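Participant: One structure coming up, written as structure tokens, with questions to follow.
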Amino acid sequence: MTNLRQEFLSHLSYAPDGFQVKAMDSIDADASVLVAAPTGSGKTLIAEYGIARARSLGLRAFYTTPIKALSNQKYRDLQNLYGAHNVGLVTGDNAVNPEAPVVVMTTEVLRNMIYARSRALDDLAVVVLDEVHFIQDTFRGPVWEEVIIHLPRKVKLVCLSATVSNANEVADWISTVRGPTRFVVEEKRPVELEN
């Protein structure tokens, strides 16, 4: 276990689940990772570890979401974790601290930055693609595909989804366009759903 991971885990009041450990192993192996796990199972911890790794390298991390409301929520969550001065928010009509080491944005904003060859991508280490199942959306999927295909190859992906059913196929496709990508599937729900 790396010193970074020991430090990261020391702040938790619980031991990580097996799927979280496998995903962190992928990040430590400098591979992209796709995590398919039920809502509430702890996928966010994996995103936070990817961000921590980027920050430990003195590089930036972007956290992307499919909708602005979720971007605003993640912005607040990450501010609470890293401090307001370390987290930025960029949406179509709003930019707060865009030069921060951690920036939250919609996937469309990232796609536009890629096509504009934004200098903000120069020191980028990781992109979290939250709700990556949007890649299968008829209308919005192409935006996600364009980000995955055109993002500089040095940037690693942490892809999260509660509903993607073909994680192995998606990870295989990402591997063909970006390099090594591992998939981690967790089917156990932390809280069982009852009808």
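Participant: Could you check SER26 against (1) under 17 Å from VAL155 (Cβ atoms); (2) open to solvent by 10 Å² or more (accessible area, probe 1.4 Å); (3) in contact with a strand residue (DSSP E or B) (Cβ under 6 Å, 6 or more places away or on another chain) and say which number it fails?
Facilitator: With respect to (1) under 17 Å from VAL155 (Cβ atoms); (2) open to solvent by 10 Å² or more (accessible area, probe 1.4 Å); (3) in contact with a strand residue (DSSP E or B) (Cβ under 6 Å, 6 or more places away or on another chain), SER26 is out only on (2).
Participant: A further question follows. In segment 92-107, which residues are buried (at least 19 other Cβ atoms within 10 Å of the Cβ) and within 15 Å of THR65 (Cα to Cα)?
Facilitator: Once the filter is applied, which keeps residues that are buried (at least 19 other Cβ atoms within 10 Å of the Cβ) and within 15 Å of THR65 (Cα to Cα), segment 92-107 yields VAL102, VAL103, VAL104, MET105, THR106, THR107.
Participant: A follow-up question, please. Looking at (1) touching a helix residue (DSSP H, G or I) at 6+ places or on another chain (Cβ under 8 Å); (2) open to solvent by less than 10 Å² (accessible area, probe 1.4 Å); (3) at pLDDT below 95, which is the one condition that is false for SER71?
Facilitator: (1)
Participant: Working only within segment 82-141, note down all residues that are among the acidic types (Asp, Glu) and within 30 Å of ASN168 (Cβ to Cβ). Don't jump to the end; show me each part of the working.
Facilitator: Let us first name the residues in segment 82-141 that are among the acidic types (Asp, Glu), namely 93, 99, 108, 122-123, 130-131, 137.
Listed by number, the residues that qualify are GLU108, ASP130, GLU131, ASP137.
Participant: Among the residues in segment 120-138, are any open to solvent by 20 Å² or more (accessible area, probe 1.4 Å), among the aromatic types (Phe, Trp, Tyr) and under 15 Å from the mean Cα position of the chain (by Cα)?
Facilitator: Yes: segment 120-138 contains one or more residues that are open to solvent by 20 Å² or more (accessible area, probe 1.4 Å), among the aromatic types (Phe, Trp, Tyr) and under 15 Å from the mean Cα position of the chain (by Cα).
Participant: More than 24 Å from VAL109 (Cα to Cα) and at pLDDT 90 or above - does that describe any residue in segment 43-54?
Facilitator: Within segment 43-54, the first condition is being more than 24 Å from VAL109 (Cα to Cα), and the residues that meet it are none.
Checked against the condition, which is being more than 24 Å from VAL109 (Cα to Cα) and at pLDDT 90 or above, segment 43-54 yields no hits at all.
Participant: Going by the structure shown, is GLN20 more than 24 Å from THR176 (Cβ to Cβ), open to solvent by 70 Å² or more (accessible area, probe 1.4 Å) and either outside any loop (DSSP other than H, G, I, E, B) or hydroxyl-bearing (Ser, Thr, Tyr) (or both)?
Facilitator: Values: more than 24 Å from THR176 (Cβ to Cβ): yes; open to solvent by 70 Å² or more (accessible area, probe 1.4 Å): no; either outside any loop (DSSP other than H, G, I, E, B) or hydroxyl-bearing (Ser, Thr, Tyr) (or both): yes.
It is false that GLN20 is more than 24 Å from THR176 (Cβ to Cβ), open to solvent by 70 Å² or more (accessible area, probe 1.4 Å) and either outside any loop (DSSP other than H, G, I, E, B) or hydroxyl-bearing (Ser, Thr, Tyr) (or both).
Participant: Now a separate question. Tally up the residues in segment 153-174 that are more than 17 Å from ILE46 (Cα to Cα) and modelled with pLDDT of 85 or more, please.
Facilitator: 7
Participant: Moving on. Looking only at helices (runs of 4 or more DSSP H) that fall completely inside segment 95-189, which ones have 3 or more residues that are touching a helix residue (DSSP H, G or I) at 6+ places or on another chain (Cβ under 8 Å) and touching a residue at least 40 places away in the same chain (Cβ under 8 Å)? Break it down stepwise before answering.
Facilitator: Details: elements: 107-115, 141-150, 167-178.
Qualifying helices (runs of 4 or more DSSP H): 167-178.
Participant: Okay, moving on. Checking the structure you have, find out if any residue of segment 30-50 is part of a helix (DSSP H, G or I) and surrounded by fewer than 15 Cβ atoms within 10 Å (Cβ to Cβ).
Facilitator: Applying the first criterion (part of a helix (DSSP H, G or I)) to segment 30-50 yields 43-50.
Within this subset, residues satisfying the condition of being surrounded by fewer than 15 Cβ atoms within 10 Å (Cβ to Cβ) are none.
Among the residues of segment 30-50, not one is part of a helix (DSSP H, G or I) and surrounded by fewer than 15 Cβ atoms within 10 Å (Cβ to Cβ), which makes the answer no.
The values are calculated or read from the model by the stated rules, or taken from the named source; none is laboratory data. Given the structure is predicted, the values throughout are model-derived calculations rather than measurements. So basically every Cβ, Gly included, is an ideal-geometry build from the backbone, and we count neighbours across all protein chains shown. Just so you know, the surface numbers come from the protein's heavy atoms only, side chains and all, with ligands and any DNA or RNA stripped out. Shrake-Rupley method; radii C 1.70, N 1.55, O 1.52, S 1.80 Å.
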